[in-house]
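Just so it is clear, none of the values below were taken in a lab; they were calculated from the coordinates. What you are looking at is a predicted structure, and each value in this text was computed from that prediction instead of being measured. Here Cβ is always computed from backbone atoms with ideal geometry, including for glycine, and neighbour counts include all displayed protein chains.
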């Protein structure tokens, strides 16, 4: 199901025409690679290890709280990959503003996969799946977040990432959710271990938050992942599309990136297709993406996103409680 | 030396209250955010609008409905509360009943006003914070109310007696630690009239202590009202100035 829009067929066709011009004209007069302004803050929830709130004018508001709990390894031997992946649990809840009600059972941002926007990462599709997918992919260096969750032999942290969406639509921008999760992860701190590493007893931790350890060390790479929506109309590629632009687009992708150095270069850690509207054609008449266009779309993300992710990271570090 | 509570407050001191109006960019008609100490609550109001179901249509007045969401990360431990959770239902009913009597519902027949409350962080006085947040969001939405509804908690320390054997003063605005330790009540008043619209207590307390607790609670409501009123006026002024430019 493509995202529902209030636009009529003539309006869509007008929008399609203006977006396929060279140079294209966007509804809000942005350049093709320009992002919309967003309000972001972090570390405001005292009961969480990390928290963030991101607001966008059209897409609404997203609040993320991250909690870490101590958990014993399920097996005595070295944990398997499947068990290790359960160390992170993502759940997304949609609470609409009254009348529109909770998510109407369509994937967030129209990203392929069955299941609703609401849901957990246990194979029922929706946002929780691609959020976790990006998180588990470590980037080119073979680095993994799961290694950072190991406390001592037999014990690890279990990370709960709870996403609360307050949106007017059931199709908020993937950028909104991923920016909030990115910021929350970036500001997550875990208490410092005070017992020895190699003992099987229940680990003990310091009460002092001033010496707690960040989940993502602020100066190291890769950074937490970030997913960017990108759509194509004709030969033009647009970053951070609005709801109307998604409806008029011919092809859409969500590209998950993580920053790999301080220059703003990114590694691609995941690509998923995003469901878009009817484009210029009739309903059900889908053109698909050829290789050149696909390359162009991914390139646009990689080139332009580094700066945005870096900027978000810098804001996070300024606001963090230990800044 | 006068006894101080474990967070350094005196018996009649409130925690820091920070409130904001028009916080949400979504399609809600009114929104607010309130922090009372570490209790943090967000509220969105929609309406008056077409009722979401036939059952909610009243011919001569508006229906007030309330949705309460506890964020899974709001407490010390991660707990998910469903829609049918007892605590959630209790809060919803309390808020809904309180505001049904305060909103001038007869002005909006055959419509619905929805208050949705999101509890982001709990540290005692959850119901009080929800009521305060709902008042602010309703004001932001421009829905006519009789007056402010302000809520506050008060607790009675049972174990401590001074030298003469008299019990000490009740504690105003209890935090989570105090709330789980001593009997406490939540009281909500209308404007500065000292009239009570909601009173909730879940523990046992000796009857002779009750009056003092309510009195302290009411004095707290007056303080909360002053803080909320200040913010509403500041917000209104700011909006008018922005319009004038």
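Computed quantities for the displayed model
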{"quantity": "10 Å Cβ neighbours from other chains, averaged over peptide B:224-236", "calculated": "0"}
{"quantity": "For B:104-116, mean number of other protein chain Cβ atoms within 10 Å", "calculated": "1"}
{"quantity": "Cα centroid of segment A:296-322 to Cα centroid of segment B:28-68, whole Å", "calculated": "36"}
{"quantity": "Estimated FRET transfer efficiency (residue B:86, residue B:52; beta-carbon r; R0 22 Å; 0.05)", "calculated": "0.40"}
{"quantity": "Nearest-ten-degree value, helix B:126-141 long axis tilted from longest Cα axis of chain B", "calculated": "30"}
{"quantity": "All-pairs alpha carbon distance profile, chain B, 5 Å steps from 0, percent", "calculated": "1, 6, 13, 17, 19, 16, 12, 8, 4, 2, 1, 0, 0"}
{"quantity": "Chain B: calculated mean residue ellipticity at 222 nm from DSSP helix runs of at least 4, using -39500 (n - 2.57)", "calculated": "-10000 deg cm²/dmol"}
{"quantity": "C-alpha center-to-center spacing [segment B:209-241, segment A:26-59] in angstrom", "calculated": "32"}
{"quantity": "Helix axis angle, B:207-244 relative to chain B longest principal axis, alpha carbon, degrees", "calculated": "40"}
{"quantity": "Hydrodynamic radius (Kirkwood) for segment B:43-149, which is based on Cα pairs only, to one decimal in Å", "calculated": "14.3"}
{"quantity": "The protein assembly as shown pair-distance distribution - Cα-Cα, 20 Å bins, rounded %", "calculated": "19, 48, 29, 4, 0"}
{"quantity": "Averaged over A:40-50, number of beta-carbon atoms from partner chains that fall within 10 Å", "calculated": "4"}
